[in-house]
Amino acid sequence: MKKAGTSSKKLSLIDIVSISDFSRSGIEEVLKKAALMEKMSPGKKRRLLAGKIVATLFFEPSTRTRLSFESAAQNLGASVISSPVDEASSSKKGESVSDTVRMVQNYADIIVIRHYIEGAARRAAEVSTKPVINAGDGSNQHPTQTMLDLYTIKKEIGKIDGLKIGMMGDLKYGRTVHSLAKALSLFENVTIFCIAPESLQMPQGLIEEIKPRVKVFQTSSIEEFLGQLDVLYVTRIQKERFPDPLEYERLKDVYIVSKKTIEKNKKVKIMHPLPRVNEISTDVDDMTQAIYFKQAANGVPVREAILEMLSKARK
Ligand code: NCD
């Protein structure tokens, strides 16, 4: 598949399914547009998607992703329709993703979908006549989270090239780190430290894929590389993806980042896609290194940028 943004022409997005569909310049165009969105007056913004309808179809729980998409859509003047997580929608009756999308494309101009099945967003994009945005498909991908993660890094540190980034926690099932690691491999001279117990390490296939372009180290210890990191991206242990609940119980509190942990590296920025359970103690929240709430706030301008770009898509 042709990567979005490989040509010198302006990026033309059709769907956003996987970060692998993007080149570096494609990502940078989204980040640039997000910065514009942050500065644009509310009045001007409200005209960008006036008269359009955005549908949010969430087949898994969500707070930040769903609400920031809905807030972004409304800031741009669009109306939002959405299906309840499970109970009242037809997926509960056994309807396939493709059938649901075939209906919703008649009701909306852009479809945002989160699903527990890996590949569901790709399938939705294939059948839909309207642009589809993947808001997370199982353990696979979460490309718009990656855009806001990169936006946050760029805003807080000023660059992405050359950074040393630790990813910690559930690297096996965490879709945010899968997308982020792939995206970071498009930048220059980045080093990724995968910090996880062996059974929750980054999938080997993903490491093989990015290794030609990025340095990767794997460890189970927080301390080993902490002193060198520019960013520590902490993730939740993904309880809902564990086939064995006892295994979850054994691993759930394997890492807890506290004030004391971070005092060992004054410059490290602490990120987290949220929700947090126990993996970052609340005494970190007020430290200048903690940028996870700012990261969540950046979801709005980044999703405004994405919706605006997709509103021009021709399928
Ligand atoms: C993440 C997700 O849903 O993958 N949350 C989010 O979108 N901000 C991470 C998680 O649920 O742990």
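Bear in mind that the values in this text are calculations on the coordinates, not laboratory data. Predicted model only: the values in this text are computed from it and were never measured. Cβ atoms come from the backbone with ideal geometry, glycine included; neighbour counts cover every protein chain shown.
Just a few scattered comments:
- Quick note on the stretch 266-305: its Rg to Rh ratio, both from C-alpha atoms and Rh being the Kirkwood radius, is 1.02.
- 10 °C / 1.306 mPa s Stokes-Einstein diffusion coefficient of the stretch 16-165, Kirkwood radius on C-alpha pairs, µm²/s: 97 µm²/s
- Gyration tensor over alpha-carbon atoms, the chain, equivalent ellipsoid semi-axes in Å: 31, 23, 19
- Cα pair distances of the stretch 88-169 binned at 10 Å [whole percent]: 16, 38, 24, 16, 6
- Interatomic Cα distance distribution for the stretch 161-244, bins of 5 angstrom, percent: 3, 16, 29, 26, 18, 6, 2, 0
- Over the stretch 184-315, equivalent-ellipsoid semi-axes from the Cα gyration tensor in Å: 26, 20, 19
- Exposed loop sites here are GluC sites (Glu not before Pro) assigned a DSSP state other than H, G, I, E or B and surrounded by at most 14 other beta carbons within 10 Å; excluding them, the longest clear run of the chain is 1-86.
- Of the trypsin sites (Lys or Arg not before Pro) found in the stretch 155-250, those in coil by DSSP whose Cβ has at most 16 other Cβ atoms within 10 Å are K159, R213.
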